[in-house]
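K.L.:
Before anything else, here's the structure in question.
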Amino acid sequence: MSDILYDQIPSLDLADFKSDDPERKARFVQDLGAAFNNIGFVAIKNHGLTDELTANLYNSVKEFFSTDTATKQKYEFPELHGQRGYVGKNKETAKGFKVADLKEFYHIGQPDPINGMPDNVFPDEFPDFKENTLTTYTTLENAGRMLLRAIALYLELPEDYFEDKVAHGDSILRAIHYFPLDPNLVPEGAVRAAAHGDINLITLLMGASAEGLEVLRRDGQWIPITALPDQIIVNVGDMLDRLTNHKLKSTIHRVVNPPREKMNSPRYSIPFFMHPRSDMDLTCLGSCISTEHPKIYEDMTAGAFLDERLRELGLKKN
């Protein structure tokens with residue numbers, strides 16, 4: 001399986017893992033692990049999101065981003081390092097790149113923050129925004145916990161290995177607006193989201209409003225990724241890659257600019273970044289280290305790794 005070069009990412013049904021049939025559950029575990037060991041991405045259905053919630057969420061997000069700049073900036077707090085509320089245009093630059101991504105976004109964290117976590121920030125002008133984002137947050141967090149149970153079994157760990165590590169974790173729901181572009185004014189080298197790996201354990205991505213997401217296959221070819229209406233895209237993040245000594249692959253991906261004739265169209269995308277608590281130890285699992293696969297990452301906590309990456313992205317300055 002690990003030698004396959006996928007032209008599209010594998011599709012799986014989370015209902016198989018929840019099934020009372022041990023064979024269906026075991027097959028899901030192996031298929032998920034094989035995909036994450038290969039290309040690092042899968043498409044998942046039966047994830048808990050309804051069509052109604054998805055439509056309501058996108059309506060709220062579009063409503064917020066269509067308002068004037070002054071209103072949006074009321075909810076931007078630099079001292080939170082982009083971890084809650086609004087983050088304006090040209091604020092995030094992918095690791096290794098010098099030109100900022102062509103996007104703006106809004107972050108929602110734990111609904112009930114503990115241990116000094118910042119409170120969420122919600123726009124007073126759009127009351128439905130709070131309800132729709134928090135409901136989506138909880139739904140995707142639950143799906144993420146279920147997927148982490150499957151990952152734990154694939155790694156031959158106790159099924160609940162990740163449970164205490166992600167309970168009250170630093171997970172983020174990010175509503176992204178890739179704003180319309182004037183093809184004559186786009187800075188050289190600027191794209192909607194430059195090639196990058198995600199920071200977290202896993203990312204759960206709702207279907208975007210337009211195409212553009214591409215994944216870098218290990219042979220160097222970029223392949224387009226588009227979810228079906230009933231699917232979400234799930235991928236391995238750098239933290240899970242570190243924990244498993246690159247057994248499960250955090251694959252580089254990007255959002256390319258549309259063709260010139262479509263540049264004046266916006267694109268909306270809503271990923272859920274599943275983070276553990278900051279005290280989780282990301283030291284490589286002993287079972288993932290061998291003579292053939294020597295340890296490649298230094299020991300680090302999730303909090304220290306997140307802090308390092310926020311600085312690399314330009315969201316944290318001091």
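The values are calculated or read from the model by the stated rules, or taken from the named source; none is laboratory data. Since the model is a prediction, treat every value here as computed from it, not as a measurement. Cβ placement follows ideal geometry from the backbone for every residue including glycine, while neighbour counts extend to all protein chains displayed. Surface areas here come from the heavy atoms of the whole protein model, side chains and all, with no ligands, DNA or RNA. Shrake-Rupley method; radii C 1.70, N 1.55, O 1.52, S 1.80 Å.
K.L.:
With every protein chain kept in place and ligands, DNA and RNA left out, what is the accessible area per residue of the stretch 19-88? Probe 1.4 Å, answer in Å².
P.N.:
46 Å²
K.L.:
Seen from all sides and averaged, what is the projected area of the convex hull of the Cα atoms in the stretch 1-113, in nm²?
P.N.:
11.4 nm²
K.L.:
Below 20 Å, Cα to Cα, which aspartates and glutamates can LYS262 reach? Residues fewer than 8 away in the same chain don't count.
P.N.:
Output for LYS262: ASP101, GLU104, ASP182, GLU188, GLU211, GLU214.
K.L.:
Just need the relative contact order of the stretch 257-318 here, percent rounded to a whole number, with Cα pairs under 8 Å and 6+ apart. Intermediate results must be reported in sequence, preceding the final value.
P.N.:
Values: 35 pairs, mean separation 17.7, N = 62.
Taking the mean separation of contacting Cα pairs over the length of the stretch 257-318, I get 29 percent.
K.L.:
Here is a follow-up. Where does the charge balance sit around GLY220 when Lys and Arg score +1, Asp and Glu -1, over other residues with C-beta under 15 Å from its C-beta?
P.N.:
In short, +1.
K.L.:
Give me the net charge for the shell around GLY169: Cβ to Cβ below 9 angstrom, other residues only, Lys and Arg +1, Asp and Glu -1.
P.N.:
Charge balance near GLY169 sits at 0.
K.L.:
Same structure, new question: Leaving out ligands, DNA and RNA, what percent of the accessible area of the chain is carbon and sulfur, probe 1.4 Å?
P.N.:
Carbon and sulfur atoms account for 49 percent of the accessible area of the chain.
K.L.:
Summing +1 for each Lys or Arg and -1 for each Asp or Glu, what net charge is found among the other residues whose Cβ lies under 10 Å from the Cβ of LYS91? Don't skip to the end; give the middle numbers.
P.N.:
Working: positive: LYS89, LYS103; negative: GLU76, GLU92, ASP101, GLU104.
Once positives and negatives cancel, what remains is -2.
K.L.:
Going by average Cβ neighbours within 10 Å, how do the peptides 31-42, 131-142 rank, with the highest at the top? Let's see the in-between values first.
P.N.:
On the way: 31-42: 22.5, 131-142: 18.7.
Listed from highest to lowest mean packing, they are 31-42, 131-142.
K.L.:
Follow-up. For the chain, what's the radius of gyration and Dmax over Cα atoms, in angstrom?
P.N.:
Rg then Dmax for the chain, in Å: 18.9, 58.
K.L.:
Separate question: If you find the alpha carbon centre of the stretch 240-318 and of the stretch 1-73, how far apart are they in angstrom?
P.N.:
Here the answer is 17 Å between Cα centres.
K.L.:
Sort the following peptides by mean Cβ neighbour count (other Cβ atoms within 10 Å, averaged over residues), highest first: 167-174, 298-305, 217-224.
P.N.:
167-174, 298-305, 217-224
K.L.:
Let me ask something additional. Would you mind putting 284-296, 62-74, 98-110 in packing order, based on average other-beta-carbon counts within 10 Å, highest first?
P.N.:
Descending mean neighbour count gives 98-110, 62-74, 284-296.
K.L.:
Find the accessible area per residue for the stretch 90-228; the probe is 1.4 Å, ligands and nucleic acids are left out, and the unit is Å².
P.N.:
On a per-residue basis, the stretch 90-228 sits at 43 Å².
K.L.:
How large are Rg and Dmax for the stretch 220-286 when calculated on the C-alpha trace, in angstrom?
P.N.:
Cα only, the stretch 220-286: 16.1, 52 Å (Rg, Dmax).
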